[in-house]
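Chemist: Before I ask anything, here is the structure I am working with.
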Amino acid sequence: MHYDKSIKAYEKARNVIPGGVDSPVRAFKSVGGTPLFIKKGEGAYLVDVDNNRYVDYVQSWGPLIFGHANKKIEKAVIKAVKKGLSFGAPTKAETKLASLICSLFPEMDKVRFVSSGTEAVMSAIRLARGFTCKDDIIKFEGCYHGHSDSLLVQAGSGAVTFGCPSSPGVPADLTKHTLLAKYNDIKSVKECFKNSKNIACIIIEPIAGNMGFVPADAKFLEELRALCDKHGTLLIFDEVMSGFRASLRGAQGVYQTVPDLVTFGKVIGGGMPVGAFGGRAEIMDKLSPDGPVYQAGTLSGNPVAMAAGLASLEQIIDESDLYIRLEKKAKRLVEGLRDAAAISGITLQVGAIGSMFGFFFNEKPVKNFDDALKSNTTCFAAFHQGMLSEGFYFACSQFETGFISDAMSDEMIEDTIEAAIKVFEEIA
């Protein structure tokens, strides 16, 4: 394959956009090469400006559960666009989509829409603080919850500590209320409660997708629930990635643990920029205008995004065996990749839940961020480049999750595995 037009497009973009990209992971820094500039998407495929065609295992980082340019979603969006792009006023579509989401989560009484996952998480944490009248929060190393200041933290010198800023431009005063714990390690969470009696919430990706694919242990989530109940702390599930991806009810369809608040994104917009957060009425009613916790957004509940979200969720609900099909393909893919790697003497750790999957170039199972960091990123970069040249587009980082879309056929999965055998041989 040749990438001449992508290279030229990237050089031009760098003159007017920092790093040539509008989100850092797109820059291919960890895998090498030039980021692909995409011309269009077709079902399971991406087509770049050089007319190279790829089976797309990124699917816009999750939302495209039915693949690119789904006809029903496309039709709904066009119909909405013809009525206007934005009103800054309520529409019935907001109520309809909110009602649909709440109907799938019995413990969720109300939901509020925003325009991104970052905004959903930021607002949910503010609400948790306002509801509990406490300031501190617990997050987990390796879990990403957007780029708001209080969540861009790194560990200090201790095993459990109040976080330090992980980015210039983030004042220490804004991260001093964030405590870091280790994923799937309840002892580290208990230490956080020893360090602070002022913890408003624990926020967690119940199926982590931003240190690579790392599901939480069921017992671990149950213990988090018990600690929150004991200390008057809210439990927030960040399901921006796993919501409607792991199952119809996201992680709550996989685990028995019930959170107090949930954040959504991606899939509920069918590919449009959207996010949401929701919970039981006594918490949500603290939001303005009913309560004192302020949150607002001019484009929140945007009518075009609502139309796309409704078209996507209605299809998901109508397809009763959707997640069975998706998980079957996801498991076949990762098991095939594992076996293909083994032929060349390469050890691969793999996993899949619903339409989410991941793999690590790692000798041991990955249960937390420390484990993930032991992965061979050089091998991953070689794999990424090799698979790209074979026509398969994977996330451009070892520490990201992959996604299956319903537009993918069994033949595409088998073709991917066959290509991987060749690429693993080259790596070995």
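The values are calculated or read from the model by the stated rules, or taken from the named source; none is laboratory data. All values derive from a computational prediction rather than experimental measurement. Cβ: placed from backbone, ideal geometry, glycine included. Neighbour counts: every protein chain shown. Side chains included, ligands, DNA and RNA excluded: accessible areas come from the protein's heavy atoms. Shrake-Rupley method; radii C 1.70, N 1.55, O 1.52, S 1.80 Å.
Chemist: Whether any residue in segment 227-241 is of a type in the set (D, E, K, R), in contact with a strand residue (DSSP E or B) (Cβ under 6 Å, 6 or more places away or on another chain), assigned to a loop (DSSP other than H, G, I, E, B) and closer than 23 Å to Leu373 by Cβ is what I want to check.
Modeler: The answer is no; no qualifying residue exists.
Chemist: If you don't mind, another one. Identify the single condition in (1) in contact (Cβ under 8 Å) with a residue 24 or more places away in the chain; (2) more than 30 Å from Val350 (Cα to Cα); (3) of a type in the set (Ser, Thr, Tyr) that Ser167 does not satisfy, given that it satisfies every other one.
Modeler: Failing condition for Ser167: (1).
Chemist: May I ask you to list pairs of residues, at least six apart or on different chains, whose Cβ atoms are under 7 Å apart, with the first in segment 36-48 being over 18 Å from Ile413 (Cα atoms) and the second being of a type in the set (S, T, N, Q)?
Modeler: Qualifying pairs under 7 Å: Leu36/Ser6; Phe37/Ser6; Asp48/Ser6.
Chemist: Only one of these is aliphatic (A, V, I, L, M), in contact (Cβ under 8 Å) with a residue 24 or more places away in the chain, buried (at least 18 other Cβ atoms within 10 Å of the Cβ) and within 20 Å of Leu46 (Cβ to Cβ): Leu322, Leu337. Name it. Walk me through it before giving the result.
Modeler: Details: Leu322 fails: within 20 Å of Leu46 (Cβ to Cβ).
Going through Leu322, Leu337 in turn, the sole match is Leu337.
Chemist: Here is a list: Gly297, Gly269. Which entry is at pLDDT below 95, closer than 21 Å to Asp238 by Cβ and crowded, with 20+ Cβ neighbours inside 10 Å?
Modeler: Gly269
Chemist: Among the listed residues Ala80, Ala89, identify the single one that is more than 18 Å from Ile317 (Cβ to Cβ), open to solvent by 30 Å² or more (accessible area, probe 1.4 Å) and either not acidic (Asp, Glu) or not in a helix (DSSP H, G or I) (or both).
Modeler: Of the residues listed, the single one that is more than 18 Å from Ile317 (Cβ to Cβ), open to solvent by 30 Å² or more (accessible area, probe 1.4 Å) and either not acidic (Asp, Glu) or not in a helix (DSSP H, G or I) (or both) is Ala89.
Chemist: Follow-up. Can you find, within segment 126-172, the residue that is surrounded by the fewest Cβ atoms within 10 Å (Cβ to Cβ) among those that are at pLDDT 80 or above and among the charged types (D, E, K, R)?
Modeler: Residue satisfying both the conditions and the ranking: Asp135.
Chemist: Please indicate, with yes or no, whether at least one residue in segment 348-364 is exposed (fewer than 14 other Cβ atoms within 10 Å of the Cβ), without any contact (Cβ under 8 Å) to a residue 24 or more places away in the chain and among the basic types (Lys, Arg).
Modeler: yes
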